[in-house]
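Taking it in order: structure first as structure tokens, then the write-up.
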Amino acid sequence: MLPSLPTLLSELVRLPSVNPMGRTDLPADILYEARVTAYLERHLRDLGADPRRQPVRPGRDNLIAVYDPPTPPPFTVVFEAHQDTVPVDAMTVDPFGATVEGGKLYGRGACDVKAGGAVMLAAFARLFKERPAGSARVILAFTVDEEHTFLGVQELVKQGLQADYAIVAEPTLLNIVRAHKGVVRWQVETAGRACHSSRPEQGVNAIYRMGRLLAGIADYADRLRAQPPDALLGPRTVSVGRITGGVSPNTVPDSCRIDVDRRLIPGETAAAAGDDLTAFLKAYPGVDFPFTCTQTHTACLPLGPELSGELVARLGAVIDAVAGKHEVHAVPYGTDASTIAGAGIPAVVFGPGDIAQAHTKDEWIDLAQLDPAAEILYRFARAR
Ligand SMILES: [Zn+2]
């Protein structure tokens, strides 16, 4: 038997599944999704659901289970939730304590997105138990690595995911998110020639060179803002988030590196965004030296609303019936939904909890959101 939703959620929060997000200074015993995967797998087995592991990286598996209804399904829907969380530095609550106080459950992942995963599992379990006639086929997918490089959902899609709709769990306060920006990142490097800083004219200062590129990127950012914005999501943006270079105050630096973060709107590609900035910088006044750009890394594609009209209407009607009302939003943060939509499957984002509490030092979820969220997903899949 599946435990109650608050119990299920507290057990998930007590199982650390921290995504190191490229860091190497975190304790090994809280890292990665394996504990959560094993826990979910056990419950799915108990249901008789025959879950399948999809290896993504060593020790990091997506977990997939399918509900096949007793009668020909009107459609197939994917319920997708990620298993990982962001790190727990500087949290003011016990990150794995799952403390309940005043109707809130506290802990890392409580809101983003173990609550969303728990309600998907609960809705799936209920379908499995009740097997209502006329219900949809449901593919339940728990993915890895959403918080960093989206490897889990990329593997899920690569393995040939086929469905009519997808609902991706993120905290939306039981509203529907149908559009979000994408993000692509890369690094730009300048090289120079080191020498003693008492005779700087004998060297070439890589930081000065980077300074010119930075002036160019600041101008480029203004240019992006002046381009026509996306009607739902607003303008394209670029930001430089980190700079490193030099070894000491008395050495003319021979290298400098920056991290560029570019937010994409629907219709843009990562490669074109990178190429466009590079071309702009090459022609920028004062840039009379070579520089290099690392390969762009697409963390997440943009999600547009063009595929999901019917899904938004269908899900919205179910939310109204259960919760009384809903809103349809466009948001700046990325999710797994755009990768699924990239495979031609209409996808939206939906779940209990508020994104304002995600990744925070006292992350919590309002437990009153769990039952309605599970009911909405169940009724959506019951399809009548
Ligand atoms: Zn999330």
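The values are calculated or read from the model by the stated rules, or taken from the named source; none is laboratory data. Since the model is a prediction, treat every value here as computed from it, not as a measurement. All Cβ positions, even for glycine, are placed from backbone atoms using ideal geometry, and neighbour counts span all protein chains on display. Ligands, DNA and RNA are stripped out before the accessible areas are found, and what is left, the full protein with its side chains, is counted by its heavy atoms. Shrake-Rupley method; radii C 1.70, N 1.55, O 1.52, S 1.80 Å.
Applying the set (1) under 25 Å from residue 309 (Cα atoms); (2) more than 14 Å from the ligand (Cβ to nearest atom); (3) outside any strand (DSSP E or B) to residue 117 leaves exactly one unmet item: (2).
Does the range 341-357 contain any residue that is within 15 Å of the ligand (Cβ to nearest atom), open to solvent by 50 Å² or more (accessible area, probe 1.4 Å) and within 17 Å of the chain's Cα centre (by Cα)? Yes, there is a match, as at least one residue in the range 341-357 is within 15 Å of the ligand (Cβ to nearest atom), open to solvent by 50 Å² or more (accessible area, probe 1.4 Å) and within 17 Å of the chain's Cα centre (by Cα).
Listed by position, the strands (runs of 3 or more DSSP E) inside the range 148-260 whose residues that are closer than 24 Å to residue 274 by Cα and not aliphatic (A, V, I, L, M) number at least 2 are 182-191, 237-245. Based on what the data block shows, is residue 89 without any contact (Cβ under 8 Å) to a residue 60 or more places away in the chain, under 29 Å from residue 238 (Cβ atoms) and away from the ligand (no atom under 16 Å from the Cβ)? It is true that residue 89 is without any contact (Cβ under 8 Å) to a residue 60 or more places away in the chain, under 29 Å from residue 238 (Cβ atoms) and away from the ligand (no atom under 16 Å from the Cβ).
Could you check the range 290-331 for strands (runs of 3 or more DSSP E) lying wholly inside it with 1 or more residues that are in contact with a Phe, Trp or Tyr (Cβ under 9 Å, 6 or more places away or on another chain)?
Passing ranges, in order: 291-293, 297-300.
Of the residues 141, 110, the single one that is within 16 Å of the ligand (Cβ to nearest atom), more than 19 Å from residue 78 (Cα to Cα) and among the hydrophobic types (A, V, I, L, M, F, W, C) is 110. Any residue in the range 324-333 that is on the phi > 0 side of the Ramachandran plot and modelled with pLDDT of 95 or more? Within the range 324-333 (the criterion being on the phi > 0 side of the Ramachandran plot and modelled with pLDDT of 95 or more), the answer is yes, since at least one residue qualifies.
Residue-wise test of (1) open to solvent by 50 Å² or more (accessible area, probe 1.4 Å); (2) of a type in the set (Gly, Ala, Ser); (3) in contact with an Asp or Glu (Cβ under 9 Å, 6 or more places away or on another chain).
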site	(1), (2), (3)
68	yes, no, no
101	yes, no, no
104	yes, no, yes
127	no, no, no
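When residue 60 is tested against (1) basic (Lys, Arg); (2) touching a residue at least 24 places away in the same chain (Cβ under 8 Å); (3) surrounded by fewer than 17 Cβ atoms within 10 Å (Cβ to Cβ), only condition (3) is not met.
Within the range 137-151, does at least one residue satisfy the condition of being touching a Pro at 6+ places or on another chain (Cβ under 7 Å) and either more than 18 Å from residue 314 (Cα to Cα) or at pLDDT 95 or above (or both)? Yes: the range 137-151 contains one or more residues that are touching a Pro at 6+ places or on another chain (Cβ under 7 Å) and either more than 18 Å from residue 314 (Cα to Cα) or at pLDDT 95 or above (or both). Every condition in (1) open to solvent by 10 Å² or more (accessible area, probe 1.4 Å); (2) more than 15 Å from the ligand (Cβ to nearest atom) holds for residue 150 except the one numbered (2).
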